[in-house]
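Worksheet: the structure to be examined is printed underneath.
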Amino acid sequence: MTGNLTQKDIFPTSQLEEADGEGQNCTDNPTMGEIISRRFSRRGFLQGSLAVSAIAATVGPVALMSAEKARAAGGSAFIFKEIEAGVDADHHVAEGYDANVLLRWGDAVFADSPAFDPKNQTAEAQRRQFGYNNDYVGYIPLGGSSEHGLLVVNHEYTNPHLMFPGLVTVADGKIKQAPLSKEQVDIEMAAHGGTIVEIRKIDGKWQVVPDGKYNRRITTMTEMQLTGPAAGDERLKTVADASGKKVIGTLNNCAGGVTPWGTYIMAEENFHGYFSGKLPEGHKEAANYKRYGVPEGGYEWANFHDRFDLGKEPNEPNRFGWIVEVDAFDPQSVPKKRTALGRFKHEGAANIISKDGRVVFYLGDDERFDYVYKFVTAAAYNEADRAANLDLLDNGTLYVAKFADDGALQWLPLTFGQGPLTTENGFTSQADVLIETRRAGDLLGATKMDRPEDIEPNAVNGKVYVMLTNNTKRKAEQVNTANPRADNAFGHIIEISEDGGEFSATSGKWEVLLKCGDPSVAAVGASFSTDTTKNGWFGMPDNCSIDAAGRLWVATDGNSNKATGRTDGLWAVDTEGAARATSKLFYRVPVGAELCGPLFLPDDQTALVAVQHPGDGGDDWSGHGRPSYYEDLSTRWPDFKPDMPVRPAVVAITKAGGGKIAV
Ligand code: FEO
Ligand code: CA
Ligand code: CA
Ligand code: CA
């Protein structure tokens, strides 16, 4: 009925975050792939290619049996019975664990929230309810508890074809999405942003505390302040805001972080998709916006809100793409866009206190060929005085990463006046460097990466894990014959060791922990250990979590029946000893979804995961076999009621009867 059109061809919001273009980085800085190629060609290619052939030749029932034996011998840090990879309408967790839905799109966040009524949804109701497409999940303990705290969740984006009845029609065999009404656009804006809600574990089961005094919804209509070096700059001033310091709302909050002082960090990622219209002819921001892919126009908000129309508010896109900090303990507080951490398609903001007391934020710019960054605060964290930390993020140094051929890592400061970041190159202040962070990185010769997603420091082993989700646009001529992954469809994971074990260091070392994809297909060049079963491998690493024991858990985005014969999920990945690069499948999501979060609570007895965009796919799965939209969904997870649409949700995973997970 739809010819060869896929879900992503038909619905604009289904493909925004795929970064489907060539990337916006036109510099000739070397790609990560080229660097990995050179490393392998010099010292590891022969060994690597033999290992790959060996895997290809031995995967089969016998090899899988020996994998089970290896685990029984205690090689892996994870003890659980792996689930089977596959695709269906439901989610699945390892035997002996419970996976309970904690909060779904439309659920009450306040005691007086209206009941969810999807056929009669309003923006007013949505502002009081849990938003759409939950991504980052954080937890701020109350009284140090792992059973009572504040759950903070980002709502990255909306899928109108899954949210609104009657929007999608089929005529002459073609599926079409009608233009959105103003009320629908306003519902979308209210479904973006974040949620802060008190949660409590009672008799082993997590529950929302609807009258929690910190409960809050943050949306694209919430007033925010721009702070730090770029605040008040001419380039941030608009018709509506002559101060250049006041912004309405936040966009596309992907992953994030929680600080040691109890604030909630929201990373603004694909902000380009919300802008439409044309810059006035010869406008000075034209090159800047081109580097960020602005405007993309996947959303229809400019039809009703002038600030998303470049012709009317040409500076508005400069006010998005920042890191937002929210004081979770003051529901009246104005969230702050911390310009010191740079402007790009921010994936997340995981952070850790360095030995010297300064706080280090690891930041990825999720676009093909873009960069890895970190921010180091100027002042140290003050454990005794919370107030002293509340503006720590306004002063510090932003660095971009250069991964050298020999495994060395350099963090290059993005500081106005240093190196090429001068007036000769069009930077007149630190504000310019921050507003055009990407161009500053270009000039410094940063390494072009394969879409940096989550970057997580590990407090137990002192390393840092970088998820590089994929980059199918890297051409054959950009890699040499030593690297079989010219078209990096499945991504890889890099492990960083900062010099002296000091996260604030300006140099370190790196190596590839894992090249993802099916290890039984030699041409893929995946590097999972031979103990990894046919269920255990994955593609497209995205978010990750380090549990209290220092173990790595990886969530994925982009697996599907067509891509890998499996949905996305949560994989346990060994990083230490003989079991290094062994992966095991613990949880998987319903058809069409990606898995976000994930988060292990401090006692390792709860894993919180965010099932994002369930039902946004299934055209490649025999259980549905056509595009999925409100009236014809590939799944109605998690309610499975005929009058209830599919709903993104946060799920709490616990061990049946209690106890730590996977031990
Ligand atoms: Fe929103 Fe890069 O994922
Ligand atoms: Ca996402
Ligand atoms: Ca992500
Ligand atoms: Ca992703």
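The values are calculated or read from the model by the stated rules, or taken from the named source; none is laboratory data. Computed from a prediction, not measured in an experiment: that's the story for all the values here. Cβ sites come from the backbone with ideal geometry, for glycine too, and all protein chains shown count toward neighbours. Surface areas here come from the heavy atoms of the whole protein model, side chains and all, with no ligands, DNA or RNA. Shrake-Rupley method; radii C 1.70, N 1.55, O 1.52, S 1.80 Å.
Can you give the % of DSSP beta bridges in the chain that are antiparallel, to the nearest 5?
95
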- Once normalised by the length of the chain, the mean sequence separation of its alpha carbon contacts under 8 Å that are 6 or more apart gives a contact order in percent of 17
- Task: Please give the residues of the stretch 135-164, grouped as numeric ranges, whose backbone N is less than 14 Å from a label point set 7 Å along the Cα-to-Cβ vector of residue 386.
- Result: 140-145, 149-150
- Mean Cβ neighbour count within 10 Å, used as a protection proxy, ranking 106-112, 118-124, 369-375, 349-355 highest first: 369-375, 349-355, 106-112, 118-124
- Task: Using just the helices of the chain, give the 222 nm mean residue ellipticity in deg cm²/dmol: DSSP H runs with n ≥ 4 each add -39,500 (n - 2.57), and the total is spread over all residues, rounded to 500.
- Result: -3000 deg cm²/dmol
- With a sphere of radius 15 Å drawn around the Cβ of residue 185, what net charge do the other residues whose Cβ falls strictly inside it have (Lys, Arg +1; Asp, Glu -1)? -4
- Item | In sequence order, calculated HN-Hα J values of the stretch 335-346 (Karplus, 6.51, -1.76, 1.60; Hz; x Gly/Pro) | x, 10, 8, 8, 5, 4, 8, x, 10, 6, 7, 5
- Enumerate the amide H contacts of residue 537 below 5 Å, restricted to partners 5 or more residues apart or on another chain; note that Pro and chain-start residues carry no placed amide H. none
- Note on the structure: Of the residues 353, 375, 335, the Cα lying farthest along the dipole of the stretch 220-394 towards its positive end, which is defined by charges on the beta carbon of Lys, Arg, Asp and Glu, belongs to 375
- Query: Which net charge results for the neighbourhood of residue 381, defined as the other residues with beta-carbon distances under 13 angstrom from its beta-carbon, given Lys and Arg at +1 and Asp and Glu at -1?
  - Reply: -1
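What part of the accessible area of the chain, given as a whole %, is carbon or sulfur when the probe is 1.4 angstrom?
Ligands and nucleic acids excluded, carbon and sulfur reach 51 percent.
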- Cα gyration tensor category, rounded, prolate or oblate, for the stretch 220-394 with a/c compared to 1.5: prolate
- Message: Nothing charged except the Cβ atoms of Lys and Arg (+1) and of Asp and Glu (-1): what's the magnitude of the dipole of the stretch 523-615 about its Cα centre? Round to the nearest 20 debye.
- Response: 380
- Item | Links that overshoot a 32 Å alpha carbon limit, given the list 182/237; 284/515; 174/641; 182/336; 473/655 | 284/515; 473/655
- Query: Do any trypsin sites (Lys or Arg not before Pro) in the stretch 424-482 lie in a loop, going by DSSP, with at most 13 other beta-carbon atoms within 10 Å of their beta carbon, and if so which?
  - Reply: 475
- Note on the structure: Using alpha carbon centers only, the stretch 256-279 is separated from the stretch 166-226 by a whole-angstrom value of 16
- Task: Could you point to the residue in 224, 100, 130 farthest towards the positive end of the chain's charge dipole, with +1 and -1 charges on the Cβ of Lys/Arg and Asp/Glu respectively?
- Result: 100
- Dipole axis of the stretch 562-663 (+1 Lys, Arg; -1 Asp, Glu on Cβ), positive-most option in 640, 597, 573: 573
- Taking a ≥ b ≥ c as the square roots of the eigenvalues of the Cα gyration tensor of the stretch 79-203, is the shape rounded (a/c under 1.5), prolate (a/b larger than b/c) or oblate? oblate
- Could you tell me what fraction of 2.2 N^0.38 Å the Cα radius of gyration of the chain comes to, as a two-decimal ratio? 0.90
- the stretch 133-150 - phi-based ³J(HN,Hα) in whole Hz, Karplus 6.51/-1.76/1.60, Gly and Pro as x: 6, 3, 10, 4, 10, x, 9, 10, x, 9, x, x, 7, 9, 10, 7, x, 9
- Evaluate the distance, in nm, between pseudo-label points positioned 7 Å from the Cα of residue 422 and of residue 281 along their respective Cα→Cβ axes. 3.6
- For the stretch 220-394, what is the charge dipole size about the Cα centre, in debye to the nearest 20, if Lys and Arg each add +1 at the Cβ and Asp and Glu each add -1 at the Cβ? 340
- Heavy-atom accessible area per residue of the chain, all protein chains kept, 1.4 Å probe, expressed in Å², is 35
- Query: Summing +1 for each Lys or Arg and -1 for each Asp or Glu, what net charge is found among the other residues whose Cβ lies under 12 Å from the Cβ of residue 261?
  - Reply: -4
- Could you give the length gained on full extension between residue 578 and residue 303, defined as 0.36 nm per residue of separation minus the Cα-Cα distance, in nm? 93.3 nm
- Message: Explain nothing, just the number: dipole magnitude of the chain about its Cα centre with +1 on each Lys and Arg Cβ and -1 on each Asp and Glu Cβ, in debye rounded to the nearest 20.
- Response: 740
